[in-house]
Each structure stands twice: as C-alpha cells, then as structure tokens.
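J.: The structure is given below, and queries will be raised subsequently.
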2 protein chains.
Amino acid sequence: MKPLSLIDNAFLLLEQRQQPLHVAALCVLQPPPDAPPDFAYRLAERMRQSTGAVPPFNHRLVRRAGINFWEEADDFDIAQHFVHLALPKPGRMRELLAMISRVHAAHLDRAYPLWRCYLIEGLADGRIALYFKIHHALVDGVAGIRLLMKTMGPDAEASLAIPPPWEAYTRRGGKRSLPLPSPALRGVETLRGLARQGVASAAPVWHRLSQSRRDKRAGDPACVDAAQAPRSIFNQNISGSRRFAAQSYSRARVKAIAAHFGATSNDVVLAMCGSALRRYLIDNNALPSDPLVAAVPVSTRSDDGTSGNEVAFALTHLGTHIADPAERLCAVKGCMDYNKAALRSLNPAQLYAYEGLLFAPSLFGLLTGQRRGRTVVNVVISHVPGPSEDLYWQGCRLDGIYPVSVVIHQIALNITLISRNGEIDFGLIGCRRTLPHMQRLLDYLEESIVELEKAIGVTAAEAVTEEA
Amino acid sequence: MKPLSLIDNAFLLLEQRQQPLHVAALCVLQPPPDAPPDFAYRLAERMRQSTGAVPPFNHRLVRRAGINFWEEADDFDIAQHFVHLALPKPGRMRELLAMISRVHAAHLDRAYPLWRCYLIEGLADGRIALYFKIHHALVDGVAGIRLLMKTMGPDAEASLAIPPPWEAYTRRGGKRSLPLPSPALRGVETLRGLARQGVASAAPVWHRLSQSRRDKRAGDPACVDAAQAPRSIFNQNISGSRRFAAQSYSRARVKAIAAHFGATSNDVVLAMCGSALRRYLIDNNALPSDPLVAAVPVSTRSDDGTSGNEVAFALTHLGTHIADPAERLCAVKGCMDYNKAALRSLNPAQLYAYEGLLFAPSLFGLLTGQRRGRTVVNVVISHVPGPSEDLYWQGCRLDGIYPVSVVIHQIALNITLISRNGEIDFGLIGCRRTLPHMQRLLDYLEESIVELEKAIGVTAAEAVTEEA
C-alpha cells in the first residue's frame, strides 16, 4: 500500500458528477481477411481468460484515516474490466460514436482498479473497435495511448502473441507527459520544488515570464496570454453528457499545405481547428470578435513534432477573427513560432516549472470551481505523435486511434489528435448540452483543408501523389 | 417552475456516487411473427420521431438560490432519452443481464429530465428488450411500472397506436405507492402531519406501535422488529457496480403450494426467497444463526394480493434459520399473518403514518449514512401486482417484466417481483462487489419451488395442469 501522489490525489478530489476525469482511446480495427463470423466473440473469450493485471492496472483505491492509498488488488475480476459490446444496426460510425459518447460519460467504480476495456463488434463494414478507458489518476492520457500502442505490433500474426495492455504495462518512473489539467497541478509541485532549490535555479523561468509580459504590453500579436481569451459558448459549466466525434484526415494533404507555408503540420492542424471553430461559432451566431485562445502542447524540437518527447503547454490564438484561411494559418504559425522561441530558451526542468507557473493559478481555480465565470482558455487542442508504421492488435490492422479526452467546467471542448502514417486521427469530446451539433466540426475540419488547398492552388489528389 | 417536494428533494440529496437512486424495469418482448429483420431498427426510428414529453418526463432540475425546482423543459432531445442498443453474440439472457447490470449502475444526467429508455436488440431467439430507467425523484418504482404497463394493450395491432410512456403519462396527484426508501422519508412528513392534526388522530397508530412492542417482549416469534436483524454479508456499504439477475417462475406452481398451506402466493414467494438466501449464505459460509429480516410490502386485503392497492411496508423474518422448507414457509406465513392483522386495524391514512414512524428513524439514518454499522433490515423484497392478461407493446407480446430497483449502503440486495398471468417475474439487483455470484440465487429460487412441491407430494406438471 502506498499513498497517492499529490497529482493522482487531485484528479480524484477534483472529479465531479458532471466532470469525470478519465481518459480513453477508441481504436478502429480491421480483422484479418480470413476472420470467421464469430471473430469478435472468440477474441472476447480470449481476453476473458485473463486472470491478472500488473501495476497500475491492479491498483485499487483504499482510504485509511482520511488518506487515499493505492493497494495492489489480488482479486482480479476480468468481467468488471473487460466488456463485450455490439452496435445496433445499421452499424455505421455514427452508431459507434453515439455509443462512445454515452460510455465515456459514465464514471469508473472506485471500488475496483480504475480502468475498463470494451471490445465493440457490429460495424457494418466488418471492422471492430476497442475502447480503452483509464482514470487520469492512474495514468495520463498520452502515456495511456502509448501503452495501448505498445500492445500492438507491425506484424499481424505476431501481434496475436502480445498480451493485453493490463498484463503488459510497466510504469516507467519519473516525469509525466502532457495530461490535460496537469499544468495546473504541476504548478503546485513546481512551487514546492522552487522553494526547495532556492531562487537561483528559477531565474531563467522568471526571466521568460517577464519577457512575455513585455512583448504582450508592446502589442505583439504572436504573444498570447490567458487574460485575452474572450468569453465564448465553449466556456460554460458542463453537464454530465458527452458528444464524441472522430474522423481521420489525410496527413499528406496537411503536409503539402504546411510545406507551402513553411509551417509545421501542427500549425496547419491548429489553423484547421480555428477554421472549423469559426464556422461553428458563426452557425451558432456566437463568434466573439477576439480570437479564441487554445492551450496546446508544443514540441521544442525544430522538426515536424511527431517524434519529439520534450513537449510543453503553450497558448495560441486560433485566428477565428480572420476570414481568410491563408491569413489565419500565418497568424497561428506566428503564435507558435513565438512560443517555440520562448520555450527553447529553457531546459526541460525549467520548461516544466514555466508552464506550471503559467497555468497553475487559473487552471487550478477552474478545476476546483473557484474561477467560474472567468475564461482562461477557450479550448484545449493536443497533438500526440503516433506510430509511423502499420500496427496490428490481436491480428487486426489499426485503421484509426482516436483519443477521447476530458472536458471540465468552463472548457467544454477538447480536441486531441494523433498523427499516424498516412492519417491524422481527430478525437473531439464536448459537453453534449453546451455544444449542439458538435459533430458538424468534422465536416468543417475537412472543408478547412479544401479551403487551404484552394488558397495555394493544390488539389487533394496532387498533395497525396506528391507525398507518395 | 415549482419547488420539489420534500421527498423528491430527499432522493436527490441522498443520491451518492455508489448509490444512484433511479429505478427501472426490463421488459422482454416477442416481436410479431411476420416481423422483418430490421424490426428493432424501424421501431427505434419510430421512437426517435418523438418530439415532446409530458410531465413528469419534461421536468428538468434547476437550482435557484440553493433551492431545487422542477422546470418544464421545452428543448426536448429524444437522442438524450431514447437509446438503441444491441447485445453482443451469442445474445443469451446472460448477455442481456450483464448489459442491464452495467447500464443500471450509471447515473442519469441532472442537466436533462431524469429518465432514459433503451431498446435492445440481438437476443438469439429473436426477442427484443425494453429497459426503462427513471429517477426516484420523478416517479416511484411501482408507479413507474404501472405507467409502463399503461402504454401496453391487450391487442397486438392496437398496441401500435399507443404513444410511448413519455408522451402518454399524466401524474395523478396525491399519495405515492410503495417506493423503496419512502417509508423513511414518509416518517418526516408523517410527523409534520400529526403535529398539524393534533395527537387525537394519531391514537390508533400509537396504540398499534405499543401492541407490537408488547408482543415482541412476550416472545411472539411472528412479531418481528428492526432490532432483531442479524448482521449479514448483505449489510455492508456498497460499491457503484451492480449485478442484475432476472427470471420468471410458474405462478401456477406457486399457487398450488400456497393452496396446500392455506397461505398466500406472497407467503410462498417470501419463503422461496428465504430458501434461496439460506442456500446462498451457506455457500458463502456466512449464514447467521438468527433469521434474516426482510422489509416487505403487504396487502391489507385478505385475498391473494394481486389487485390490492392499499399496501403497507412490514417486517418479516425469512426463516433462514430453519432447514425444513415446509416449516420455513409456515414460519414466514405466521409473520405475515401477524402483520396483516396488525395493519388491518388501521385505516389507510393511519397505515401511512404507522409505517412512516416504524421505519423513519432507522431507514433515514441508513440513507444518510449516519447509521452505518447498524443492521436495520437485511433485504428488501417487494411484490408488485402485474397485468392479469397478455399485453402487447408496439406489436410485441410482453414475455416478462422484471423490476430493476435500488440498493443502498447496508442493504446490498433488493428483490422485486411482478405477478403476471401465468408467471412471476423476479428482478434481483445487488452490489456486484458485495455479493459474488449473486445470479446463483435464480437457480436456488427454482430449487426452492421443487423442494416445497416435494414436501407436499405434488409435481410441477400436476400443479400446472390443476391450474389450467
């Protein structure tokens, strides 16, 4: 038995009825060509043979004298953790997304280790889906996706021998990578760390903070701070119901646009989000005159960002006040370039401290509900590097891996995406009540690519051919 | 907008993460012989045409200045309230019960009117299921089942024209019938009522309470009070996970046994529960030496109890300390006869007051968690009168209607049953973690009928033939 870390504990304390704090991934999988009709059933039966789980999948919450501990549960109950579901007819992606929207809204039972794995059959095209849900107190979102991918392999046949995630994973100690609300909590840890280490080691961090403040005051449009986020329909208290929308977009097309503008794929993706959100807000007659501000992870390496591990949170506006798509992309790129230059002046430990201090007061206030009515950021957009080759899980080819993240009061929308070989998989999660017809954002994202291609005079076919 | 009643409010306040306070019914339905393969899909599409709901199905919770109100929502969203599900293969009752166990564990979203209706396809035998879930603050369990039955009709064809429950129901004012924890809350109302009316009107109630106390002191084994309930494995704090088990038993066989013993069907059903629970406790090496005490509704009419409307809560032991099944039934009948005689001396208003006062302190303490560690009753067993003829819903014959009730901390098992023509439909809901392999109770209930038939020298076939 060991007491929970400050961060793990916070995720439990801050969880509310309308604000569950688990993360998940939805994988769409293509069974092998010779799969029998009862393929999913047999796969489910095989999973149900599992008789144990490794840490943290066997960690159960216990409370003694008011303190939360993890104990290693020795009464593993696979029926509690593995669920076989089927889609109703006609079994379109629409039915799958509606199911995930509902299942993601339900809390995990704290009497058991805080995760659950769903195998879903019944897609009309014969594909199956895997939805894996885990509490943020157990593992953060990106680590969760990495661990899921670690149970996949490049060879269909060999992938059958890889044990399921709960039997395979071993937590690597040390630093966590970018969970959604961690920066807030990190701030608390950072302040304790700085207090211990003395003020000297913190100098570059303070320096960076003041430089940003000076740039902001000088009116640099690329320098974005939390205070400038306008109020928007995304920034309301949320209900307990969710809407999940997911789609894959061509990575070659995004890359072709990026190359034309000397931008990164991440810049293009952010501009796409800006474009889609602008259109959605116009639909709802709710476009603020100031641009939306997004909290985004930024790779501090200079390349495309898919292999970078040193990732920090930064703020960018999304150019939603700009009508022209090319101009919008340039504005977003400007923000991101500013962020990268700023963050590159810090080493990883300082980065960690910097973003903690940047976000701590406001996000912590949000999570605890003390800052209701104050907009800090309008939306969270995370870009997670994915696999660069075809992967197989239990003999099935991975056709898409869509993150299902967390929304919290005052930030009713989260967009997380994974770049894979060939595709970028978008997972959008929002409060169903706050964001009517949120799934339309999927169409608007597609249209935003077409718009940018039109702006640079390239067709989709050309972009894909060039890449090949 | 109107403020919630004391009782409705209490159901919201007392709801906890592990203790959702909604009730439900699971109907198993046989589609018409000429149903097309996409029958369920078409039915779902028809339900999705619904554009509005009548009270209380349009009542949404709003909070103003710390007070809860119901407001009539005018933005009806059928996609939030109606859900189409499918069972995974092989589509046995087992898969259906596992699905209901999970779905029943999830809270309703308080941002919307507090109910949801699920249409479930995929049973291997071609039948479909309807699971209807509603918050106890909106309507109590028995009223909920009645309203569901009101949307069914004796004619298959004509039943197609009956609107779904949320379009049809009108709440009839006045007294509520037996919800599970109402007696506790009723006590509070009763005390206020008695205070208003003066002591005189309460005399028969006080008289009855003292008589019971005297009988108990004199050692009458048929007089059961809350203080005598032994500690048992059923009386622990619960987790948020559920196990639902459901099965129909032959009503003719139960009636034949009842006739032999000069007992009511209800007496036999209680003895069956006693028998099954005894066996389950022996399995788990956890049989208390004192008999389990059940809170049960009792009809104050002298007949079989299927048409009685004046129903009160009473306590009975279940003879779990007695090895002989016939002897157990006689002991349970003794308790129930005592209860009926006692309750018959009171008029309905006095009954209402009596049971409120009897249960209020202990059950209220339980619900609020102030009486943890003290066993009040071991189990709740409700027997609800059902339809006496074949019923059809949307063209499908009703094959079974299984109540899915509520469990609370310290009462981890609830057995509710509905007597229909030909069958008694049992719905057992329990805390999954507290009650391992709870579904075995279904087999033990069947065996308890066989045991009693053996005791009176009747075979199942004879019982059914005699009835016909």
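J.: Considering each residue of region A:22-49, count those that are surrounded by 14 or more Cβ atoms within 10 Å (Cβ to Cβ) and more than 13 Å from chain B (Cβ to nearest Cβ), and give that number.
T.: 12
J.: What is the residue count in region B:383-415 for residues that are open to solvent by 10 Å² or more (accessible area, probe 1.4 Å) and part of a strand (DSSP E or B)?
T.: 6
J.: Next up: Which pairs do you get when a residue that is assigned to a helix (DSSP H, G or I), found in region B:442-468, comes within reach of a residue that is of a type in the set (Phe, Trp, Tyr) and surrounded by 14 or more Cβ atoms within 10 Å (Cβ to Cβ), reach meaning Cβ atoms under 8 angstrom, with the pair 6+ apart or on two chains?
T.: Note: pairs meeting the criteria are B:442/B:426; B:444/B:280; B:445/B:249; B:445/B:426; B:446/B:249; B:449/B:249; B:456/B:261.
J.: Return the residues of region A:419-434 that are touching a Pro at 6+ places or on another chain (Cβ under 6 Å) and at pLDDT 95 or above; say none if nothing qualifies.
T.: Answer for region A:419-434, where residues must be touching a Pro at 6+ places or on another chain (Cβ under 6 Å) and at pLDDT 95 or above: just A:427.
J.: For residue B:79, indicate whether it is within 12 Å of chain A (Cβ to nearest Cβ), surrounded by 16 or more Cβ atoms within 10 Å (Cβ to Cβ) and within 29 Å of residue A:85 (Cα to Cα).
T.: no
J.: Then there's this: Checking residue A:441 against (1) more than 22 Å from residue A:315 (Cα to Cα); (2) touching a helix residue (DSSP H, G or I) at 6+ places or on another chain (Cβ under 7 Å), which test does it fail?
T.: Exception for residue A:441: condition (1).
J.: Looking only at region A:419-428, how many residues end up being part of a strand (DSSP E or B) and under 13 Å from residue A:152 (Cβ atoms)?
T.: 0
J.: Please find, within region A:105-132, the residue that is surrounded by the fewest Cβ atoms within 10 Å (Cβ to Cβ) out of those that are within 13 Å of chain B (Cβ to nearest Cβ) and under 19 Å from residue A:7 (Cβ atoms).
T.: The qualifying residue surrounded by the fewest Cβ atoms within 10 Å (Cβ to Cβ) is A:110.
J.: Another question about this same structure. Give me the helices (runs of 4 or more DSSP H) completely within region A:51-152, filtered to those with at least 3 residues that are farther than 19 Å from residue B:98 by Cβ and not polar (S, T, N, Q), ordered by residue number.
T.: Correct list: A:93-105, A:141-150.
J.: Determine whether residue A:52 is in the same structural domain as residue A:161 (by TED's automatic domain parsing) and open to solvent by 10 Å² or more (accessible area, probe 1.4 Å).
T.: The answer is yes for residue A:52.
J.: Among the residues in region A:28-39, are any within 21 Å of the chain's Cα centre (by Cα) and not in a loop (DSSP other than H, G, I, E, B)?
T.: Scanning region A:28-39 turns up at least one residue that is within 21 Å of the chain's Cα centre (by Cα) and not in a loop (DSSP other than H, G, I, E, B).
J.: Among (1) more than 14 Å from chain A (Cβ to nearest Cβ); (2) within 25 Å of the chain's Cα centre (by Cα), which single condition is residue B:72 missing?
T.: Just one mismatch for residue B:72, condition (2).
J.: Something else about it: May I ask you to list the residues in region A:229-268 that are of a type in the set (S, T, N, Q) and out of contact with any strand residue (DSSP E or B) (no Cβ under 6 Å at 6 or more places or on another chain)?
T.: A:232, A:235, A:236, A:237, A:241, A:250, A:264, A:265 - these are the residues of region A:229-268 that are of a type in the set (S, T, N, Q) and out of contact with any strand residue (DSSP E or B) (no Cβ under 6 Å at 6 or more places or on another chain).
J.: Residues in region B:95-104: is at least one touching a helix residue (DSSP H, G or I) at 6+ places or on another chain (Cβ under 6 Å), at the interface with chain A (Cβ under 9 Å from one of its Cβ atoms) and open to solvent by 40 Å² or more (accessible area, probe 1.4 Å)?
T.: No: region B:95-104 contains no residue that is touching a helix residue (DSSP H, G or I) at 6+ places or on another chain (Cβ under 6 Å), at the interface with chain A (Cβ under 9 Å from one of its Cβ atoms) and open to solvent by 40 Å² or more (accessible area, probe 1.4 Å).
J.: Among the listed residues A:341, A:331, A:349, identify the single one that is at pLDDT below 70, assigned to a helix (DSSP H, G or I) and open to solvent by 20 Å² or more (accessible area, probe 1.4 Å).
T.: Sole residue among the options that is at pLDDT below 70, assigned to a helix (DSSP H, G or I) and open to solvent by 20 Å² or more (accessible area, probe 1.4 Å): A:349.
J.: Do you know which residues across region A:210-232 are surrounded by 14 or more Cβ atoms within 10 Å (Cβ to Cβ) and part of a helix (DSSP H, G or I)?
T.: Result: A:212, A:215, A:216, A:226, A:228.
J.: Exactly one of these conditions fails for residue B:9: (1) within 12 Å of another protein chain (Cβ to nearest Cβ); (2) surrounded by fewer than 19 Cβ atoms within 10 Å (Cβ to Cβ); (3) not acidic (Asp, Glu). Give me its number.
T.: Here residue B:9 clears every test but (1).
J.: Six or more apart or on different chains, Cβ atoms under 7 Å: show the pairs whose first residue is in region B:287-300 and modelled with pLDDT of 95 or more and whose second is of a type in the set (Lys, Arg) and surrounded by fewer than 24 Cβ atoms within 10 Å (Cβ to Cβ).
T.: B:287/B:278; B:288/B:231
J.: Looking at region A:402-424 only, could you name the residues that are among the small types (Gly, Ala, Ser) and under 10 Å from the mean Cα position of the chain (by Cα)?
T.: Selection gives A:405 alone.
J.: Tally up the residues in region B:84-94 that are facing chain A (nearest Cβ under 8 Å) and either touching a His at 6+ places or on another chain (Cβ under 7 Å) or on the phi > 0 side of the Ramachandran plot (or both), please.
T.: Selection size over region B:84-94: 1.
The values are calculated or read from the model by the stated rules, or taken from the named source; none is laboratory data. It should be emphasised that the depicted structure is a prediction, and the values quoted were computed from it without experimental measurement. Positions of Cβ are backbone-derived with ideal geometry, glycine not excepted, and every protein chain shown enters the neighbour counts. Side chains are part of the model used for accessible areas, which takes the heavy atoms of the whole protein and leaves out ligands, DNA and RNA. Shrake-Rupley method; radii C 1.70, N 1.55, O 1.52, S 1.80 Å.
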